[in-house]
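Here the structure is laid out as structure tokens; the discussion comes afterwards.
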Amino acid sequence: TAREAAFAIVTLAGPMGKYGQLSRTDGHSKWFLQRTLLEHDKSMDHPWMQMIYKQCFTVKQYAAWLARNHAVFQALEQKVSAELLPEVHDETLARTAALETDLAQLLGPAWRDEVSQMLAESAATKQYLARFEEDAPNRLLVLAHHFLQYNAVLSGGAYLGEMVAQKLCVIAGAPGVAFYAFRGVQTGMEPARVQQYLRDFDKVQLSDEERDAMLVVMKRIYADTEALMDECFELNPAEGFSYAAAKEGESAAPPPPCEEQLELSLAELHGYVGADGGRILMSIAGELLDISAGREIYGPGCGYSLLAGRDVTRSLATMTLEEACLDDLKWEPDNSEDEKTLQQWREKLKAKYPVAGRLNKAASLEQIAGGLRQQSAASAPEAPAPQAAAKPAAGDKAGEKCPISGKEGVCPMTMMGINVKPKAKAKSAADKKPEAKTGFMAGKSMIAAVEESNSGSDDWWVWKLCPLHWDVATMKAFVVVAALSWLHGTFVGWNLRKLMR
């Protein structure tokens, strides 16, 4: 839904004034991302978001949510142009037409009348639009809306769109869920598009005063968005999947360390990328974490496979997925904001994934000095079999998780398109092992979801027989067989009719 990446934008609390000296080389996007974590976490645990995660909303309720988004995006897109925001403007980001397609599908030909009635009764929508009109004369405040709204759908839309598609029993991107599909952005490539947006955003020239003013507006947008959510939730309140429920209890203990504690160089770490169902490791601040339980996120070909087998210390601390920020073992936080951000991600990741050992930094730096930093993952030693901390129950399947919040469900880093169903691969013991479920970052837009995995429905014969779940090849084969059967029946019937005369 449209707000989530407003929620996949991360922040640290504190007086705005002390950030005035932050190095310009960090980029404006990081500056804003690091200052919206509290708003992000609060929004992601909103009862309306929980209902979407659990798929317990009604069609009318969801249509009301789309109607409010339609009003917001329509107002924004009437103001935005290549002349106003040349750095970030892209016609393919526009959401108004897609929202109109969805509303027509859900409400029928008279959808405009029904939407008008919904909005007439929505005090929160009127407030959002009135405040946007006050912001509109200032291009930088319009940019604040643009930054939150489009990154929201780009990053969190992949997962939320899948949840809604399952609820409505339609194909992802079809009418009813077109809001979440972007022309030219392939499934799973949403993170790359978000990164491109952030790079473009960083080209905007801003003074300290302008950034502070934009931040105030962004925080207000979060509050106004929560008011929109409140209205949708109150239309038909129901209990969804909260973060606490996803963690199976607030007091859930972090997973115990792996039985075998490894000590790897960076080149050796590069081999733990999950190839052929193998183990997946990640390094942060010198510690190795076994992230095999997040295979559908970090595994080969998945949305965040670039983080597998890598040291992500600088990447997470500075909220970027740029290749140059991975495996940077010489990097150290040079300000309190980076230190706090890094510590938050360490705590959240370790609450979800077990510690598997330590990274031998000295050996790694020596290898880098010897010209081995560019060594490919294929040349790294083969990863040993994962160690199982506990024997999983038969048939147990990992839930769906946000790559950056790490919470059950996906993202909303959720905040950034991700496959929401695990691939049918043979899993190692580490993959199947029960895990403590918490969350981890939303930087560069990742939105966490908390819905328990229901991917087992794919194996049900009724699911497979339903035409709505066939792929293109199956549909073509069905049409060809049907056509041939019809021709054959016509020919046989015509000959029988001749014989009976």
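At 1.4 Å probe size, with the rest of the protein present, what percent of the exposed accessible area of region 247-337 is carbon and sulfur atoms?
C and S fraction of accessible area: 48 percent.
Sorted by packing (mean other beta-carbon atoms within 10 Å per residue), highest first, where do 58-65, 78-85 land?
Highest to lowest by the protection proxy: 58-65, 78-85.
Which of the peptides 325-334, 308-317, 288-297 is most tightly packed, and how do the rest follow, going by the mean number of other Cβ atoms within 10 Å of each residue?
Descending packing order for the listed peptides: 288-297, 308-317, 325-334.
How much length would be gained if the chain were fully extended between residue 131 and residue 220, taking 0.36 nm per residue of separation minus their Cα-Cα distance, in nm to one decimal?
Separation in residues times 0.36 nm, less the Cα-Cα distance, equals 31.1 nm.
For region 143-297, restrict the atom set to alpha-carbon positions and state the Rg and Dmax in Å.
That works out to 20.5, 55 Å for Rg and Dmax.
Have a look at region 198-243 and give its Rg and Dmax from the Cα atoms, expressed in angstrom.
Over region 198-243's Cα set, Rg and Dmax evaluate to 16.6, 45 Å.
Under a crude label model (7 Å from the Cα following the beta-carbon direction), how far is residue 365 from residue 497 in nanometres?
Each label point is offset 7 Å from its Cα along the Cβ direction, giving 8.9 nm.
Apply the a/c threshold of 1.5 to the C-alpha gyration tensor of region 34-112 and tell me whether it is rounded, prolate or oblate.
In terms of gyration-tensor shape, oblate.
Under a plain spin-label model, where a point goes 7 Å from the Cα along Cα-to-Cβ, how far apart in nm are residue 330 and residue 42?
4.2 nm
Can you tell me the FRET efficiency between residue 121 and residue 170 if r is taken as the Cβ-Cβ distance and R0 is 22 Å, rounded to the nearest 0.05?
Result of the calculation: an efficiency of 0.20.
Rounded to the nearest 20 Debye, what is the dipole magnitude of region 105-153 about its Cα centre when Lys and Arg each give +1 and Asp and Glu each give -1 at the C-beta?
Value, rounded to 20: 140 debye.
Return the sequence-ordered ³J(HN,Hα) values of region 30-44 in whole Hz as given by the Karplus equation 6.51 cos²θ - 1.76 cosθ + 1.60 applied to θ = phi - 60°, using x for Gly and Pro.
Rounded to whole hertz, the list is 4, 4, 6, 4, 6, 10, 10, 5, 4, 5, 4, 4, 5, 5, 5.
Based on the Cβ-Cβ distance of residue 483 and residue 234, what FRET efficiency does E = 1/(1 + (r/R0)^6) give at R0 = 60 Å, to the nearest 0.05?
0.75
For region 146-233, count the residues as N, evaluate 2.2 N^0.38 Å, and divide the Cα radius of gyration by that value, please.
1.30
Run through every distinct alpha carbon pair of region 207-352 and return the Kirkwood hydrodynamic radius in angstroms, one decimal place.
Taking every pair of different Cα atoms in region 207-352, averaging 1/r and inverting gives 18.2 Å.
Taking the Cα centre of region 50-168 as origin, work out the dipole magnitude from +1 charges on Lys and Arg Cβ and -1 charges on Asp and Glu Cβ, in debye rounded to 20.
Dipole about the Cα centre, nearest 20: 440 debye.
I'd like the Karplus ³J(HN,Hα) series for region 195-209: coefficients 6.51, -1.76, 1.60, θ = phi - 60°, whole numbers in Hz, and an x wherever there's a Gly or Pro.
Once rounded to whole Hz, the list reads 4, 5, 4, 5, 5, 5, 4, 5, 7, 5, 8, 10, 8, 4, 5.
Counting heavy atoms of the protein chains only and a 1.4 Å probe, report the per residue accessible area for region 166-313 as a whole number of Å².
39 Å²
Provide the FRET efficiency to the nearest 0.05 for the residue 183-residue 84 pair, computing r from the beta carbons and using R0 = 30 Å.
0.90
Grab every C-alpha pair in region 290-368, bin the distances at 10 angstrom width from 0 up to the longest one, and report whole percents.
Taking all Cα pairs of region 290-368, the binned fractions are 17, 47, 34, 2 percent.
Once the piece of chain linking residue 74 and residue 209 is laid out straight, how much longer is it, given 0.36 nm per residue of separation minus the C-alpha distance between them?
Working it through step by step, the gained length comes to 45.7 nm.
Taking amide H atoms as placed 1.01 Å from N in the peptide plane, list the residues 5 or more away in sequence, or in a different chain, whose amide H sits under 5 Å from that of residue 279.
Those lying under 5 Å, H to H, from residue 279 are 274.
Shape of region 83-178 from its Cα gyration tensor (a ≥ b ≥ c, root eigenvalues): rounded if a/c is under 1.5, otherwise prolate when a/b > b/c, or oblate?
Since a/c reaches 1.5 but b/c is at least a/b, the shape of region 83-178 is classed as oblate.
Counting Lys and Arg as +1 and Asp and Glu as -1, each charge on the Cβ, what is the dipole of region 264-327 about the Cα centre in debye, to the nearest 20?
That gives region 264-327 a dipole magnitude of about 80 debye.
The values are calculated or read from the model by the stated rules, or taken from the named source; none is laboratory data. Keep in mind that what you see is a predicted model, and the values were worked out from it rather than measured. When we count neighbours, we look across all protein chains shown, and the Cβ atoms used for this are built from the backbone with ideal geometry, even at glycine. For accessibility, only protein heavy atoms count, side chains too; no ligands or nucleic acids. Shrake-Rupley method; radii C 1.70, N 1.55, O 1.52, S 1.80 Å.
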